[in-house]
Amino acid sequence: MSEQSARPRKPGKPYRRPQKDPVRFLAFEALRAVDERDAYANLVLPPLLRKAREKEGPEKFDARDAALATELVYGTLRRQGTYDAIISACVDRPLREVDPPVLDVLSLGVHQLLGTRIPTHAAVSASVELARVVLGDGRAKFVNAVLRKVAQDDLDTWIERVAPPYDEDPEDHLAVVHSHPRWVVSALWDSLGGGRTGIEELLAADNERPEVTLVARPGRATTDELLREEAALPGRWSPYAVRLSEGGEPGAVDAVRQGRAGVQDEGSQLVALALANAPLDGPDEKWLDGCAGPGGKAALLAALAAGRGAALLAAEKLPHRASLVAKTLAGNPGPYQVIAADGTRPPWLPGTFDRVLMDVPCTGLGALRRRPEARWRRRPEDLERFAPLQRELLRTALDSVRVGGVVGYATCSPHLAETRAVVDDVLKQYPHTELIDARPLLPDVPALGEGPDVQLWPHLHGTDAMYLALVRRTG
């Protein structure tokens, strides 16, 4: 099957102008921004939806329109690998030779056919109409032909056809079935250290829509206040967490608008809490967040520090991100300072702090539920790019903490090259340190492994796959 060029209309045949579907057009715009500008959907989609809600007339979005647009964008991105394999079986050329805008329309159509309850005829006709609007009549015919072929079978039948058998190539099988790059499947499998059940549950969890979790910043808001919201549910693990059920809108919560609460995954809350509650030898007055942007953990740490009479220094290398941190911390009840500073060349003296958090830059493989497009952008060589920086930041943290103080090394990645390998390598250079068992500092959280470090998982804990190692400076 090939992409056809536009044919001249037959004499006398009336031409029907394509009808723009605002929901599908917006979803297409978002996918193009993700592809063309390397944007993230969670940053691109909200302003597009906000603009659509502010319009007047037939293009104005209501809640159902916004929900459908969100599902089309995120569902298409999460299942991109699976859908690419199916589309590839329906065209006569490599996918790299299909124009990206055409592929985006096809992927949106395939998701409607195989990943939603939209009736087949509606999914095909709406996708072809979108193609007419954004691609032209000729390529719309190509879209129509491909989608009609896809519509002949359901998702399970297609997967059985396009995925290699598990027994022949388990990693490639899982990559196609669960829509992850093969190298990511392999890395996650290594990190789990388990059998087929664990890896399939994790990959499936990466493709589920994550809950929105709020944090009640101590001294400024309470969970009781947040739980009075209509869509609110208690958090699972953090005493400051409140979950919003489907349809809950953080921007509608007064405490969030006022900065007294924020949106923060429960895994990130647990990392900050574990560091704050780790046992110290000596005073507990000066805390450091050495990679503070965009400010979620810093805001929680600053609030916790204020409750103890301690002060937080939040350092962020990039000035615009440091500004975001300052905005997030504004109104904190206790003393704090935000500076733009490179954590590998710190302006503070060694041994200054009692507690130090280094939530280092990483591949972000622990947050694929929230940023599904990241799985397709990351490459194995990114690990080599981050490795020197991660080690240098951990060294800075260990130099910055006083004897008897505690460092928390955190990443939003479960990849062993970004977690235990970094900690093991750096601690060889710091003999006067000891790992603290982090598990007791996450009370009631199950399945934390053998310790002393902690790896959280989407399929086990409902959080991002955050990693934490706690290190005490002993000399």
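Student exercise: in the chain, how many lysine pairs 8 or more apart or on different chains have Cα atoms under 20 Å apart?
13
What is the spread of the Cα atoms of the range 265-307 along each of their three principal axes, largest first, in whole Å?
30, 18, 16
Which FRET efficiency, nearest 0.05, do Ser88 and Leu233 yield, Cβ-Cβ r, R0 41 Å? Each step should come with its number before you reach the end.
Details: r = 41 Å, r/R0 = 1.00.
So the FRET efficiency works out to roughly 0.50.
Can you run phi through the Karplus equation (6.51, -1.76, 1.60; θ = phi - 60°) for the range 311-319 and list ³J(HN,Hα) in whole Hz, with x for Gly and Pro?
10, 10, 9, 10, 10, 9, 5, 8, x
Using a 1.4 Å probe over the heavy atoms of the protein chains, calculate the carbon and sulfur portion of the accessible area of the chain as a whole percent. Don't skip to the answer; put the middle values down first.
Numbers: 10630 of 21250 Å².
Solvent-exposed carbon and sulfur of the chain make up 50 percent of the total.
Could you give the radius of gyration (one decimal) and Dmax (whole number) of the Cα atoms in the range 109-229, in Å?
20.7, 61
Calculate, for the range 232-296, the solvent-accessible area per residue in square angstrom, rolling a 1.4 angstrom probe over the heavy atoms of the protein chains.
Working: 2530 Å² over 65 residues.
On a per-residue basis, 39 Å².
For the range 262-405, what relative contact order do you get, as a whole percent, if you take Cα pairs closer than 8 Å and at least 6 residues apart? All intermediate terms of the calculation are to be shown ahead of the outcome.
Numbers: 238 pairs, mean separation 37.7, N = 144.
26 percent.
Given Cα pairs under 8 Å that are at least 6 residues apart, what percent is the relative contact order of the chain? Please report the intermediate quantities before stating the final value.
Working: 859 pairs, mean separation 56.2, N = 475.
For the chain, the relative contact order is 12 percent.
For the range 149-194, which chymotrypsin sites (Phe, Trp or Tyr not before Pro) are both in a DSSP coil and crowded by at most 14 other Cβ atoms within 10 Å?
Working: sites: Trp158, Tyr166, Trp183, Trp189; in loops: Tyr166.
Taking the range 149-194 and a limit of 14 other Cβ atoms within 10 Å, the loop chymotrypsin sites (Phe, Trp or Tyr not before Pro) found are Tyr166.
How many percent of the alpha carbon pairs in the chain exceed a separation of 37 Å?
Numbers: 38020 of 112575 pairs.
Everything past 37 Å amounts to 34 percent.
Can you check what the Kirkwood hydrodynamic radius comes to for the range 178-257, Cα pairs only, in Å to one decimal? The partial results should precede the final answer.
On the way: mean 1/r = 0.0674 Å⁻¹.
Kirkwood hydrodynamic radius for the range 178-257: 14.8 Å.
With θ taken as phi - 60° and the coefficients 6.51, -1.76 and 1.60, list the Karplus ³J(HN,Hα) couplings across the range 382-398 in order, rounded to whole Hz; mark glycine and proline as x.
Those phi angles translate into 4, 4, 5, 5, 7, 4, x, 5, 4, 5, 5, 5, 5, 4, 4, 4, 5 Hz.
Got a number for the accessible area of Ser107? Probe 1.4 Å, square angstrom, nearest 10.
Accessible surface of Ser107 is approximately 10 Å².
In Å³ and rounded to a whole number, note down the convex hull volume per residue for the Cα atoms of the range 38-81.
Numbers: hull volume 3.2 nm³, N = 44.
Roughly 72 Å³ of hull volume per residue.
Given H placed 1.01 Å from N in the peptide plane, which residues other than close sequence neighbours of Val338 have an amide H under 5 Å from its amide H?
Here Ala314 satisfy the definition.
Can you pull a Stokes-Einstein diffusion coefficient for the range 326-449 at 20 °C (1.002 mPa s), Rh from Kirkwood over Cα pairs, as a whole number of µm²/s? List each step's numbers first, then the result.
Working: Rh = 16.5 Å.
So the translational diffusion coefficient is about 130 µm²/s.
Rolling a 1.4 angstrom probe over the protein heavy atoms, how many square angstrom per residue are accessible across the range 125-183?
Numbers: 2640 Å² over 59 residues.
Solvent-accessible surface per residue comes out at 45 Å².
Against the 2.2 N^0.38 Å scaling, with N counting residues, where does the range 53-110 land? I'd like the Cα-based Rg ratio to two decimal places. All intermediate terms of the calculation are to be shown ahead of the outcome.
Details: Rg = 14.6 Å, N = 58, 2.2 N^0.38 = 10.3 Å.
Cα-based Rg divided by the globular estimate yields 1.42.
Long-range amide H contacts for Arg243: which residues qualify at under 5 Å (H placed 1.01 Å from N, peptide plane, sequence gap of 5 or more or a different chain)?
Leu214, Leu233, Gly235
Would you mind checking which residues have amide H under 5 Å from Asp359's amide H? H placed 1.01 Å from N; only 5 or more apart, or other chain.
Gly290, Cys291, Ala410
Leaving out ligands, DNA and RNA but keeping every protein chain, what accessible area does His432 have, in Å² rounded to the nearest 10, with a 1.4 Å probe?
110 Å²
Given R₀ = 22 Å, FRET efficiency for Ala311-Val403 by Cβ-Cβ distance, to 0.05?
Numbers: r = 20 Å, r/R0 = 0.90.
Rounded to the nearest 0.05, the efficiency is 0.65.
Return a whole-number percent for the relative contact order of the range 345-417, with Cα pairs under 8 Å and 6 or more residues apart as the contact set.
On the way: 96 pairs, mean separation 41.7, N = 73.
This gives 57 percent for the range 345-417.
Taking the DSSP beta bridges in the chain as the whole, what percent of them are antiparallel, to the nearest 5? Walk me through the intermediate numbers first.
Working: 22 of 40 bridges.
So the antiparallel bridges in the chain amount to around 55 percent.
Which of the trypsin sites (Lys or Arg not before Pro) found in the range 273-314 are in a DSSP loop and have at most 13 neighbouring Cβ atoms, other than their own, within 10 Å?
Details: sites: Lys286, Lys297, Arg308; in loops: Arg308.
The qualifying sites are Arg308.
Calculate, in nm to one decimal, what Lys327 and Thr197 gain on full extension: separation in residues at 0.36 nm each, minus their alpha carbon distance.
Numbers: separation 130, 0.36 × 130 = 46.80 nm, distance 4.30 nm.
Gain in length upon complete extension: 42.5 nm.
Can you give the accessible area of Thr419, probe radius 1.4 Å, in Å² rounded to 10?
0 Å²
Compare Arg161, Arg472, Arg370, Arg64 by solvent-accessible area with a 1.4 Å probe and give them largest first, with all protein chains kept in place. Don't jump to the answer; show the numbers that get you there.
On the way: Arg161 130, Arg472 30, Arg370 65, Arg64 195 Å².
Of Arg161, Arg472, Arg370, Arg64, the descending order of accessible area is Arg64, Arg161, Arg370, Arg472.
Measuring from centroid to centroid over Cα atoms, what is the spacing of the range 136-164 and the range 183-248 in Å?
Rounded to whole Å, the Cα centres lie 34 Å apart.
Which ³J(HN,Hα) values in Hz, rounded to whole numbers, follow from the phi angles of the range 90-99 under the Karplus curve 6.51 cos²θ - 1.76 cosθ + 1.60, where θ = phi - 60° and Gly and Pro get x?
Calculated HN-Hα couplings, in order: 10, 10, 9, 8, x, 4, 5, 8, 8, 4 Hz.
The values are calculated or read from the model by the stated rules, or taken from the named source; none is laboratory data. No experiment lies behind these values; they were computed from the predicted model shown. Backbone-built Cβ (ideal geometry, glycine too); neighbour counts: all protein chains shown. These area figures cover heavy atoms from the full protein model, side chains too; ligands, DNA and RNA do not enter into them. Shrake-Rupley method; radii C 1.70, N 1.55, O 1.52, S 1.80 Å.
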